[in-house]
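*Asks:* After the structure tokens below, expect a handful of questions from me.
The values are calculated or read from the model by the stated rules, or taken from the named source; none is laboratory data. Since the model is a prediction, treat every value here as computed from it, not as a measurement. Here Cβ is always computed from backbone atoms with ideal geometry, including for glycine, and neighbour counts include all displayed protein chains.
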């Protein structure tokens, strides 16, 4: 698959844009459905699911119910391991969840590949592609598919986490004018050095502003911080 498809995933600036690019990526691998879910562990032992998905109309109620089900074997495997899960009917039968498979298969969910990335702060990003026909029988072809999905996860993680994870109380987040300026220039694609020249400050000072903004918005990188700040309307 063209590297540009992966790069586009990472540069998505809205949920709509991210979903459209995920759909094109999935179709390029011959999968009709795709989903990205950010699972956040809560203090009460439960979890919050924030998701985007391209699925048949009417399936959402089943999808939402089963996503958090402890009986779903794919989710159970993700809890135990970070390894990719390649699933089909046998996966559900062996887990004693054949009835779940019978519910989803008429909607086209007969086989799929799912990956998880466990992150600090009790967050987990799940990326899955699904389809209504068998997976390739040739091991090398299936391995290539898994590798492409794994690479997509690497590129999509920052954008997905930034767009799906909304701070609990965004109105309480206060950015300084300098932090806002740095993030605005970051959205324009400017480097810290260029921003330092524009703002007339040292590059170390710009890094300090970025670090402060990242902490306030709970982001791992400068670009995800800028995207989340813009999404929350913090940049004016």
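*Asks:* Can you name the helices (runs of 4 or more DSSP H) wholly within segment 71-140 that have at least 2 residues being at pLDDT below 95 and closer than 19 Å to residue 153 by Cβ?
*Replies:* Correct list: 73-80.
*Asks:* Output the residues belonging to segment 217-236 that are under 14 Å from residue 179 (Cβ atoms) and buried (at least 23 other Cβ atoms within 10 Å of the Cβ).
*Replies:* 217, 225, 226, 228, 229
*Asks:* Go through segment 24-70 and report how many residues are modelled with pLDDT under 90, assigned to a loop (DSSP other than H, G, I, E, B) and at negative phi.
*Replies:* Looking only at that region, the number is 11.
*Asks:* From the list 182, 194, which one is outside the structural domain of residue 121 (by TED's automatic domain parsing), assigned to a helix (DSSP H, G or I) and without any contact (Cβ under 8 Å) to a residue 12 or more places away in the chain?
*Replies:* Being outside the structural domain of residue 121 (by TED's automatic domain parsing), assigned to a helix (DSSP H, G or I) and without any contact (Cβ under 8 Å) to a residue 12 or more places away in the chain holds for just one of 182, 194, which is 194.
*Asks:* Let me ask something additional. Against the condition in a helix (DSSP H, G or I), crowded, with 20+ Cβ neighbours inside 10 Å and not assigned by TED's automatic domain parsing to the domain that holds residue 125, how does residue 152 come out, does it pass?
*Replies:* no
*Asks:* Right, another one. Does residue 43 satisfy being more than 22 Å from residue 229 (Cα to Cα) and assigned by TED's automatic domain parsing to the domain that holds residue 74?
*Replies:* Taking the combined requirement at face value, the residue satisfies it.
*Asks:* Considering only residues that are closer than 17 Å to residue 108 by Cα and either free of Cβ contacts under 8 Å to residues at least 40 places away in the same chain or within 12 Å of the chain's Cα centre (by Cα) (or both), which ones fall in segment 23-46? Step through it out loud before you land on a result.
*Replies:* To start, the set of residues in segment 23-46 that are closer than 17 Å to residue 108 by Cα comprises 23, 26-27, 29-35.
23, 27, 34, 35, listed by residue number.
*Asks:* Separate question: Out of curiosity, is residue 165 at pLDDT 85 or above, surrounded by 15 or more Cβ atoms within 10 Å (Cβ to Cβ) and closer than 28 Å to residue 47 by Cβ?
*Replies:* On the way: at pLDDT 85 or above: no; surrounded by 15 or more Cβ atoms within 10 Å (Cβ to Cβ): yes; closer than 28 Å to residue 47 by Cβ: yes.
No; evaluated as a whole, the condition is false for this residue.
*Asks:* Quick one: would you say residue 182 is farther than 26 Å from residue 22 by Cα, crowded, with 20+ Cβ neighbours inside 10 Å and touching a helix residue (DSSP H, G or I) at 6+ places or on another chain (Cβ under 6 Å)?
*Replies:* Working: farther than 26 Å from residue 22 by Cα: yes; crowded, with 20+ Cβ neighbours inside 10 Å: yes; touching a helix residue (DSSP H, G or I) at 6+ places or on another chain (Cβ under 6 Å): yes.
So residue 182 passes the test.
*Asks:* Now, a different point. Could you give me the residue pairs with C-beta distances under 9 Å whose first residue belongs to segment 82-98 and is at positive phi, whose second residue is buried (at least 16 other Cβ atoms within 10 Å of the Cβ) wherever it lies, and which are 6+ apart or on separate chains?
*Replies:* 96/73
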